[in-house]
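Below is one structure, written out as structure tokens; the observations come after it.
The values are calculated or read from the model by the stated rules, or taken from the named source; none is laboratory data. Everything numeric here is computed off the predicted structure, so don't read it as measured data. Cβ placement follows ideal geometry from the backbone for every residue including glycine, while neighbour counts extend to all protein chains displayed.
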Amino acid sequence: MIGFLNPLWLWALPLATVPLILHLVARRQPPTVPFPAVRYLQQVTRDHRRRLKLQHWLLLLVRTLLMLALLLAAAGPTVARDGLSGHAPAAMVLVLDNSPSSGAVTDGTAMLDRLRQAAGAVLDKATTEDALWLVTADGLARRAPVEVLRTVIDSLTPSEIRLDLGVAIAQARDILADEARPAEVVVLSDLQQSALSGVAIDAPVVVAVPAIVPPTNLGVAALDPGPQPWSPGDNRVRVRLLGDSGRSSPMAVRLGDRASRPQLASVGPVLEASIAASLPGWWPLTVELDPDEFRADDRRATLVRVIPVAKAQWAPSNAYLAAAAMTLREGGRLQDGREVTLGWLGPGASVVEPPADIAELGSINRALERRGVPWRYGGPVVREELSDSGRLLPPVRVARRLRLSYAGGAARGVEATVGGEPWIVRAGEVVLLGSRLDPTWTGLPTSAAFVPLIDALANRLVRGEQELLNGAPGAPVQLPDDVDEVTREGRTWRVEGGAAWRPPATGVYLLQSGPDTLGALAVNLDPRESELATASRAQIEALWSGARLVSLDRVAEASFAAGARGHLRTPLLWLALLLGLIEMGLASFQRRTA
Amino acid sequence: MATTHGAARLDLLDPFEVSRLGGLEVVTEGLVEGFLAGLHRSPRRGFSVEFAEHRMYQPGDELRYVDWKLLGRKDRLYVKQFEEETNLRAMIVLDASRSMDWSGAPGSRLTKFEYARRLSAALSLVLLRQRDATGLVAFDETVRLTLPPRVSRAHWMRLATALGALQPGHMTAAAPALQGVVERLRRRGLVVFISDLLLDQASALHALKFLRHRGHSVLVLHVLDPGELELDGPAEVRFEDPETAAAVVLRPRDWAEVYRKTVSDAIAEWRVRLRREGIRYHAIRTDLPFGRALREALVRPGGIA
């Protein structure tokens, strides 16, 4: 099949008919001239007309072919060169999936090594005239000469960043969109089911299908330390495993140097472990399985804050708040005291409700001003709404609320919103609620999220601390507003509070606001990496309709198929030259012999 | 009026310039005066029983031809002249077909018909001045005009008037006209056939051969416009025969060479075939001065015609 380097020129192909059109137009209306000696012309043309007519049509044919040859040459046609070695200069994007799952070992060889070997074989066919890109799990598209790419590939290690193959193919497609040379995408991957996503295939895509059964795997998909902060004493940890059912592994949970009681874990229900915390502070919490063929997901880590529970006071008159506080006290999450005031603006940390009487707004706002809190209560909003979903709360009904306005530049400390407007805000150790904790104001007091909210407000937010964030390498994480630095093991990243940030690797990151640690970000492997099951050919063909599937060990043969085509431009230009010479000869001969 | 004593001899002027000078008679007079000034005058005398005209008595004339009755009426001596004193009976056969009404350079060159008409007038005057009885036949597809040969000076006026009134006709059929000439010229004489020869060659040749067979001297003046001799122009043109409406579409540039050769061959063929029959042939281009054309056509060793 013929392909074209510059297919836009094909639109100009009708220009090849210009000689014919000129011929027809010229024939249509020649001017009539009286000429008595027509008999001589008749005699002349009678003798020569057949020959000249033949010459004329031949000339027309030659001119049309000449135009056609030039236009086709401009379009850069290529044809398959079956049986011939080498290929025309081509453009290729090599998608090499070095996502964490590529580190899985089968028969003593890591999948990445097999992919690297296949990539090397593909690069062996590349020439210096080819345009080559390498796309790996980090999402970068590197364009480099073949030898440089070979070095890059040889030095590749399994990345901690998950690669969505659909996104990678779309990226490759965009790279090749403006490429004039025969373009091709070669996908070298373990073809995890979870890595495939749908994408429109409008460029030649060769997908290498490894004929290897992935190893059975058991990995830690989630580590949930429960409500933060922890208080000294026993705390419960929840662990979820992913992988092949029927396989089990000893699981160890550690908080700093302390380990929980070992237990045998397997895929199934969420596992719980109890571990004792003693000294206040930030403590690493890890869960670890015995090593298997896929090591990257055998360990998961996070950070927990250990601090004594808040000593709080609350107004018994607010039945819902009081009930929640007592529940927390019974659960050991609150103690009686004056450290935190729940319901009104106290002398220290406070969770403030709007006043029942709107006439008290002025005095509350003045008190807030005196405390240096930049937030103020404003006018009432009475309409049925749902709060916006966020980290702090699921959506809850809001019937009445007071507007909260920020008195100084860009608002900071917004913890929950309704219709995009601040509803729960924090400034220092003061948290303002936009609605009273009363069912006539909001459905929050009667929702399941109420008690955890009061726990988070009393133990964490009023102390200026954020919840524990979780993320995956390379995946964006929405940072809290107050964060301006992220640190990990002595390395610091300057960040913009409220913006998304992509952690580069697994580990535990501290979220800083100046010298204060506001929270932590636990970055672990994307849990989907633990599912090593590969996609079937049918699944691949369904998602990537039009892609060419070849076995991994034959991908090199199949690569550069788009470029393994002979260029017709040069022969066409030679043909055009030849036709031009024939045209000149014919025209000259016709004039001379007519 | 241009004369032989004028600044320029009309017979040597460009035909188009000559055509702008005045009426056919006047112009022709000028042409012939100029033409004859370069030749010897040859007023040949002869007498016959057929009265032609009077002329003033000149010393040496025989007294028996003095018209005594006219002397009595006018008190001047005139002598009678008779038809038989002319040496020749000439017939000019003029092609007045549509093909003659064409010029390759309209506005700057005479049509073939205009040229031939002037040539006929000049030729007839030359012949009449030589005391040769001269007649005229004009034809297209039929005989349009016939003036029998006469020798009087007044006859030239009739010839000139008839030529002036003659308009180009339609098709061409020379044979009937030439056969008519046979009937008009009972004795051997001169037939001058003026045509562009865009006619049926076989029948025309047959008629001309017949004239020759009857003992007549035949002179064919082939009138050619330079535009007929060459093709020019790069763009495709539809050439249409004004007589037959036959048309040929071609690009002149592509055919110029072969056309030139074809026309040249056609002229050569006429010349050869006519001369083979003892018929004199002259190709005359309409851009040639009349004097040159007349000289080439009429002058031969020993005298005119």
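Table: residues versus (1) of a type in the set (Val, Ile, Thr); (2) at pLDDT 85 or above; (3) surrounded by 21 or more Cβ atoms within 10 Å (Cβ to Cβ).
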| residue | (1), (2), (3) |
| --- | --- |
| B:Gly189 | no, no, yes |
| B:Gln201 | no, yes, no |
| B:Gly215 | no, no, no |
| B:Pro234 | no, no, no |
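Residues considered: A:Gly86, A:Gly108, A:Gly120. Of these, the only one that is surrounded by fewer than 14 Cβ atoms within 10 Å (Cβ to Cβ) and at pLDDT 85 or above is A:Gly108. Of all residues in the range A:489-504, one or more are crowded, with 22+ Cβ neighbours inside 10 Å and of a type outside the set (Phe, Trp, Tyr).
Residue check: is A:Glu184 more than 21 Å from the chain's Cα centre (by Cα), buried (at least 22 other Cβ atoms within 10 Å of the Cβ) and not aliphatic (A, V, I, L, M)? Give the steps one after another, and end with the answer.
Numbers: more than 21 Å from the chain's Cα centre (by Cα): yes; buried (at least 22 other Cβ atoms within 10 Å of the Cβ): yes; not aliphatic (A, V, I, L, M): yes.
Yes: the conditions hold for A:Glu184.
Does the range A:563-573 include one or more residues that are hydrophobic (A, V, I, L, M, F, W, C) and modelled with pLDDT of 80 or more? Within the range A:563-573, one or more residues are hydrophobic (A, V, I, L, M, F, W, C) and modelled with pLDDT of 80 or more.
Restricting the range B:217-232 to residues that are among the hydrophobic types (A, V, I, L, M, F, W, C) and not in a strand (DSSP E or B), which is modelled with the highest pLDDT?
The first filter runs over the range B:217-232 and keeps only residues among the hydrophobic types (A, V, I, L, M, F, W, C), leaving B:218-221, B:223-224, B:229, B:231.
Checking the rest, the ones that are also not in a strand (DSSP E or B) come to B:229, B:231.
Working: B:Leu229: 90, B:Leu231: 86.
So the residue we want is B:Leu229.
Taking strands (runs of 3 or more DSSP E) as the structural unit, those lying wholly within the range A:480-554 and holding at least 3 residues that are touching a residue at least 24 places away in the same chain (Cβ under 8 Å) and not assigned by TED's automatic domain parsing to the domain that holds A:Arg173 correspond to A:485-488, A:507-513, A:516-523.
Each row is one residue, and each column tells you yes or no for (1) within 14 Å of chain A (Cβ to nearest Cβ); (2) within 26 Å of A:Gln42 (Cα to Cα); (3) touching a residue at least 60 places away in the same chain (Cβ under 8 Å).
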| site | (1), (2), (3) |
| --- | --- |
| B:Leu145 | no, no, no |
| B:Met157 | no, no, yes |
| B:Gln167 | no, no, yes |
| B:His170 | yes, yes, yes |
| B:Gln179 | no, no, no |
| B:Glu183 | no, no, no |
| B:Val191 | no, no, yes |
| B:Ile194 | no, yes, yes |
| B:Val237 | yes, yes, no |
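When you look at B:Ala245, is it surrounded by fewer than 20 Cβ atoms within 10 Å (Cβ to Cβ), within 11 Å of chain A (Cβ to nearest Cβ), among the aliphatic types (A, V, I, L, M) and out of contact with any Gly (no Cβ under 7 Å at 6 or more places or on another chain), yes or no? Yes. Could you run through the range A:191-210 and say how many residues are of a type outside the set (A, V, I, L, M) and buried (at least 24 other Cβ atoms within 10 Å of the Cβ)? Qualifying residue count for the region: 1. Scan the range B:153-169 for residues that are surrounded by fewer than 16 Cβ atoms within 10 Å (Cβ to Cβ) and either outside the structural domain of B:Phe113 (by TED's automatic domain parsing) or assigned to a loop (DSSP other than H, G, I, E, B) (or both) and the total you get is 1.
Within the range A:345-360, which residues are of a type outside the set (Val, Ile, Thr) and in contact with a Phe, Trp or Tyr (Cβ under 9 Å, 6 or more places away or on another chain)? Spell out the reasoning first.
Initially, the range A:345-360 is screened for residues of a type outside the set (Val, Ile, Thr), giving A:345-350, A:353-357, A:359-360.
Those that are of a type outside the set (Val, Ile, Thr) and in contact with a Phe, Trp or Tyr (Cβ under 9 Å, 6 or more places away or on another chain): A:Ser350, A:Glu353, A:Pro354, A:Pro355.
All conditions in (1) touching a residue at least 40 places away in the same chain (Cβ under 8 Å); (2) under 22 Å from A:Ala211 (Cα atoms); (3) of a type in the set (Gly, Ala, Ser) hold for A:Ala88, with the sole exception of (2).
Please verify whether the range B:275-297 includes one or more residues that are at the interface with chain A (Cβ under 10 Å from one of its Cβ atoms) and in contact with a Lys or Arg (Cβ under 8 Å, 6 or more places away or on another chain).
Step one: of the range B:275-297, the residues at the interface with chain A (Cβ under 10 Å from one of its Cβ atoms) are none.
No, the range B:275-297 has no match at all.
Residues in the range A:25-78 that are outside any helix (DSSP H, G or I) and more than 10 Å from chain B (Cβ to nearest Cβ) were compared, and the one that is surrounded by the most Cβ atoms within 10 Å (Cβ to Cβ) is A:Thr78.
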